[in-house]
1. Of the conditions (1) modelled with pLDDT of 95 or more; (2) under 21 Å from LEU281 (Cα atoms); (3) assigned by TED's automatic domain parsing to the domain that holds LEU40, GLU165 fails just one. Which one is it?
2. Would you check which residues across the range 178-197 are crowded, with 19+ Cβ neighbours inside 10 Å and at pLDDT 95 or above and list them?
3. Show the residue pairs that are 6+ apart or on different chains and have beta-carbon atoms under 8 Å apart, the first residue being within the range 210-225 and farther than 15 Å from LYS251 by Cα, the second being in a loop (DSSP other than H, G, I, E, B) and of a type in the set (Val, Ile, Thr).
4. Could you please let me know if TYR166 is assigned to a strand (DSSP E or B) and touching a Pro at 6+ places or on another chain (Cβ under 7 Å)?
5. With the requirement that a residue be more than 17 Å from GLY198 (Cα to Cα) and part of a loop (DSSP other than H, G, I, E, B), what does the range 59-94 give you?
6. Test VAL230 against the criterion of being under 20 Å from the mean Cα position of the chain (by Cα) and of a type in the set (A, V, I, L, M, F, W, C), and give yes or no.
7. Could you list all residues from the range 211-225 that are modelled with pLDDT of 95 or more and more than 21 Å from the chain's Cα centre (by Cα)?
8. Give me a count of the residues in the range 253-271 that are farther than 30 Å from ASP26 by Cα and surrounded by 14 or more Cβ atoms within 10 Å (Cβ to Cβ).
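The values are calculated or read from the model by the stated rules, or taken from the named source; none is laboratory data. Small disclaimer: the values here were computed from a predicted structure and weren't measured. Cβ atoms come from the backbone with ideal geometry, glycine included; neighbour counts cover every protein chain shown.
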Amino acid sequence: MKFIISISLTMLLLSCNQNADYNLSDKIPEIDNIREVKILSAFFGLDNDLPKSAFGISPKAPSKDGMPIVFSHELKPSTLDASDFKITSKNGEIHEVDVVTFKPAIEAYELRTVLLIGNYGDAPDNEPVEVEIIDELLARSGQNYEGHKISVTPLNQGPFLSYAEYFSIDDEYPYIEKGRGCDCPKNTTSVIRTVWAGGVRAMNGNELGNRELNRFTIILENQNGDKIKVNPFQLADVGDNDNNIDLCINKEGIPISVQVKENTAIDPRDDPNDFTEIQILSRW
């Protein structure tokens, strides 16, 4: 029987709902049925460096490696299992995964990131170089990731954008008004959800916030087909230690792409990001 053991890559703190392994949204975006499933990134985040406090969540976790995997589509949780993954290190060794979890990215519409915990080889001589899905792992829309593989981002590389989508907050949206991971204000014109390859904080180690607003640029296309650049007026979905950061904008237009300046964010090892840019997809 498949199950989920929960652990956080960053500070091992749970997000808003601490009594659930994950929160499923009521709806699956119909557009996911026509988009091809892909593994978007595999990020070697921590090498033999998960803390002792992780023992309370899994006795296998302390001093192990942590590797977040970002997928193009949300996953069907019942199909997620550690045996779905095969990791190959630089010298050709095959490594199994000890623990898989959605945490800390467990809110509705966030179930596209999985944290893999285990021993995958040591940097720099024999760090992991490839992740492959070797058993059935389904997207919530039904497509199968089995057979997909991706190269692993090396340990010393900083975080980058793996995925971005836009949506509006309507009456059916699972809104979080305050606290960790809370959402953009309800009068926000568009929300840009950015998904990083791994968990991120500001360069000073604090949460990303007002200091970083001008370091994020969204390209919009207006009704005339003109491209305009805007900055978010607020960052949201912060303080929950996951790899999702929402950008709140109050300008009309279709979001096309998002750019982040270099040295805006750091990963759990304090590696800074290079300039990163990605296309923004519509959730619906």
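1. Every listed condition holds for GLU165 apart from (3).
2. Answer for the range 178-197, where residues must be crowded, with 19+ Cβ neighbours inside 10 Å and at pLDDT 95 or above: ASP183, CYS184, THR188, SER190, VAL191, ILE192, ARG193, THR194, VAL195, TRP196, ALA197.
3. If the second residue must be in a loop (DSSP other than H, G, I, E, B) and of a type in the set (Val, Ile, Thr), the pairs left are GLU212/THR264; ARG215/THR264.
4. yes
5. Selection gives PRO59, LYS60, ALA61, PRO62, SER63, LYS76, LEU80, ASP81, LYS90, ASN91, GLY92, GLU93.
6. So VAL230 does not fit the description; no.
7. ARG211, ASN214, ILE219, LEU220, GLU221
8. 10
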